Each structure stands twice: as structure tokens, then as C-alpha cells.
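Only one structure is covered here, and it is reproduced in the block below.
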Amino acid sequence: MIFLTIFVITLKTTTMSLVFAFALNNDNQFENCHFGDSHKFAIYHQNEERIEFFTEIDNIFRNGKHGDNQKGNSIIKYLENLNVNILVSREFGRNIIMVNKHFIPVIISKESPEEVIKVLQDKLHWILDEWNSSNSDYKLFKIKSSVLKLRIKE
């Protein structure tokens with residue numbers, strides 16, 4: 001008797017479309033607050049080499065206790081349901097050790113989404129490389145004029 005075993009391997013490919021969540025205030029700007037404390041999330045989709053606006057959603061967990069695990073898990077589930085891969089903010093709090101198991105966290109220095117999109121598009125190959133090389137425990141990206149990729153420590 002011959003048994004045939006077929007293994008199906010699903011690989012993340014560079015042709016997949018990444019989904020970004022920008023942590024913004026009510027004036028549609030990045031501000032110096034933790035990702036989970038922002039007023040809203042602007043969702044952007046990668047379309048080949050471009051990052052394009054898709055939709056905007058209120059951060060319904062904004063008023064949760066700062067740094068609370070329940071708040072962190074709620075935001076994770078909320079954004080996973082939107083197929084988000086990348087979180088973009090000026091700051092992250094201590095829940096980053098939970099967040100990086102599901103998303104690539106990116107800290108930026110600019111305030112306007114338009115400026116951030118230009119920077120992200122220019123550095124997209126770094127982000128795609130991280131996404132394709134890991135399934136969890138993603139590294140933190142700090143993007144100013146250059147890219148700094150850091151391991152997150154508990």
C-alpha cells in the first residue's frame with residue numbers, strides 16, 4: 001500500500017498587500033501619545049509600491065486604562081479583524097511586548113500622514129523583509145532619516 005502525504009505550506013510573499021494602522025488625533029496628525037491612546041486609526045493599504053488611504057475608524061478603546069493588558073488585547077483583536085499588519089505611531093507603551101507578536105510596530109518622527117507615507121514607501125522593502133521573515137516577535141522599526149530595527153525586550 002502506498003501512502004501519499006501532501007504538505008501545504010503557506011508562505012507570506014512580497015506580493016501580498018500590507019495593511020497599516022496610523023495612530024492619529026482628531027486633526028489627522030500623529031501626536032506624542034502611545035498607539036492605544038490615539039483618537040482614531042487611519043487604515044492604509046499597500047498597493048504595490050504605494051501606500052493608499054482605505055478608511056478611518058475610531059479608537060473605541062482609547063479611554064481604557066493606560067498600559068492595561070485587556071486594553072492591549074482588545075486593540076489587537078480589533079485591528080486583526082481588519083487584517084492590519086503594521087502599526088505606525090510616534091510612541092508605543094509597555095503593551096508593545098504583546099503588540100509585536102501580531103504586528104510590526106513602527107515609530108516615526110513626522111506629524112503628518114502624507115510625510116509618513118513618503119518615508120514608509122521609501123523604506124517599504126525593510127518592512128516587507130521583516131514581515132516575510134517572521135511569524136511573530138516582530139522587531140520594532142524607528143524611522144527618522146534612516147531606519148533602526150530593534151528587538152523588543154520584555
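The values are calculated or read from the model by the stated rules, or taken from the named source; none is laboratory data. Just so we're clear, the structure is a prediction, and the values are computed from it rather than from any experiment. Here the Cβ positions follow ideal geometry from the backbone for every residue, glycine too, while neighbour counts run over all protein chains shown.
Below are the figures for this structure:
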| item | result |
| --- | --- |
| All positions within the stretch 41-56 that are among the charged types (D, E, K, R) and within 15 Å of Ala23 (Cα to Cα) | Glu56 |
| Number of positions in the stretch 16-46 that are closer than 15 Å to Glu56 by Cβ, of a type in the set (Gly, Ala, Ser) and not in a loop (DSSP other than H, G, I, E, B) | 3 |
| Some residue of the stretch 109-118 being at pLDDT 95 or above, assigned to a helix (DSSP H, G or I) and within 12 Å of the chain's Cα centre (by Cα) | no |
| Subset tally (residues that are β-branched (Val, Ile, Thr) and modelled with pLDDT of 95 or more) for the stretch 1-57 | 5 |
| Cross-chain or 6+ apart pairs with Cβ under 6 Å, the stretch 88-105 first and crowded, with 23+ Cβ neighbours inside 10 Å and of a type in the set (Ser, Thr, Tyr), then assigned to a helix (DSSP H, G or I) and at pLDDT 95 or above | Ser89/Phe35 |
| Extreme residue, nearest to Asn135 (Cα to Cα), among residues of the stretch 78-96 that are in a strand (DSSP E or B) and not β-branched (Val, Ile, Thr) | Leu87 |
| The stretch 60-77 - residue that is among the basic types (Lys, Arg) and in a loop (DSSP other than H, G, I, E, B) and, of those, farthest from His39 (Cα to Cα) | Lys65 |
| Qualifying residues in the stretch 112-134 (those that are touching a residue at least 24 places away in the same chain (Cβ under 8 Å) and out of contact with any Lys or Arg (no Cβ under 8 Å at 6 or more places or on another chain)) - the one surrounded by the fewest Cβ atoms within 10 Å (Cβ to Cβ) | Ser112 |
| Enumeration of residues in the stretch 140-154 that are modelled with pLDDT under 95 and either crowded, with 19+ Cβ neighbours inside 10 Å or of a type in the set (D, E, K, R) (or both) | Ile143, Lys144, Lys149, Arg151, Lys153, Glu154 |
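One line per residue, one yes/no per condition, for (1) crowded, with 20+ Cβ neighbours inside 10 Å; (2) hydrophobic (A, V, I, L, M, F, W, C); (3) in contact (Cβ under 8 Å) with a residue 24 or more places away in the chain:
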| residue | (1), (2), (3) |
| --- | --- |
| Cys33 | no, yes, yes |
| Lys40 | no, no, no |
| His45 | no, no, yes |
| Glu49 | no, no, yes |
| Thr55 | no, no, no |
| Ile75 | yes, yes, yes |
| Leu79 | yes, yes, yes |
| Asn85 | yes, no, yes |
